[in-house]
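**Q** To start, I am sharing the structure in question, which I have written as structure tokens.
No lab work stands behind these numbers, since they all come straight from the coordinates. Since we're looking at a predicted model, the values are computed, not measured. Heads up, the Cβs are rebuilt from the backbone with ideal geometry, glycines too, and the neighbour counts pull from every protein chain shown.
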Amino acid sequence: QVQLVESGGGLVQAGGSLRLSCAASGGTFTYYAMGWFRQAPGKEREFVAGIGSTGSTIYADSVKGRFTISRDNAKNTAYLQMNSLKPEDTAVYYCAARTGIARYERYTYNYWGQGTQVTVSS
């Protein structure tokens with residue numbers, strides 16, 4: 001059973017940056033692809049970025065060029081660097097894990113963290 005704990009959320013002005021972290025425990029980190037999702041009030045949870053165990057990455061079109069996903073296998077941690085933040089990026093951000101490659105579909109992820117709030121003010 002994999003446990004995931006997100007951190008690094010907060011309040012930031014538009015144009016600012018934040019780095020989210022996702023610490024994993026209870027499993028072999030390198031077996032898992034990691035994903036970041038987000039959910040704004042009244043909206044569906046949506047894919048943001050994913051990274052495979054070998055470092056291959058995928059992104060939602062809405063964040064390409066602004067967000068960067070990475071992982072440190074020695075620290076069992078995944079990261080989401082968010083730059084040029086916009087008010088529409090405001091959401092609860094969730095970390096997720098699945099075996100195999102990173103995928104866009106949230107139903108393919110088996111493990112989820114509790115989420116961290118990101119609020120971008122205009």
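**Q** At a Cα cut-off below 14 Å, give the aspartates and glutamates reachable from Lys43, other chains included and same-chain residues fewer than 8 away excluded.
**A** Glu88, Asp89
**Q** GluC sites (Glu not before Pro) within the range 22-122: which are DSSP loop residues with at most 15 other Cβ atoms inside 10 Å?
**A** Counting only loop positions with at most 15 other Cβ atoms within 10 Å, the GluC sites (Glu not before Pro) in the range 22-122 are Glu44, Glu105.
**Q** Taking only Cα atoms and a 10 Å spring cutoff, compute GNM fluctuations for the chain and point out the largest among Thr57, Thr90, Thr28.
**A** Thr28
**Q** In percent, how large is the relative contact order of the chain, given Cα pairs closer than 8 Å and 6 or more residues apart?
**A** Computed over the chain, the figure is 36 percent.
**Q** In what sequence, highest mean first, do 30-38, 69-77 appear when ranked by Cβ atoms within 10 angstrom?
**A** Details: 30-38: 22.0, 69-77: 15.8.
For the peptides 30-38, 69-77, the packing ranking is 30-38, 69-77.
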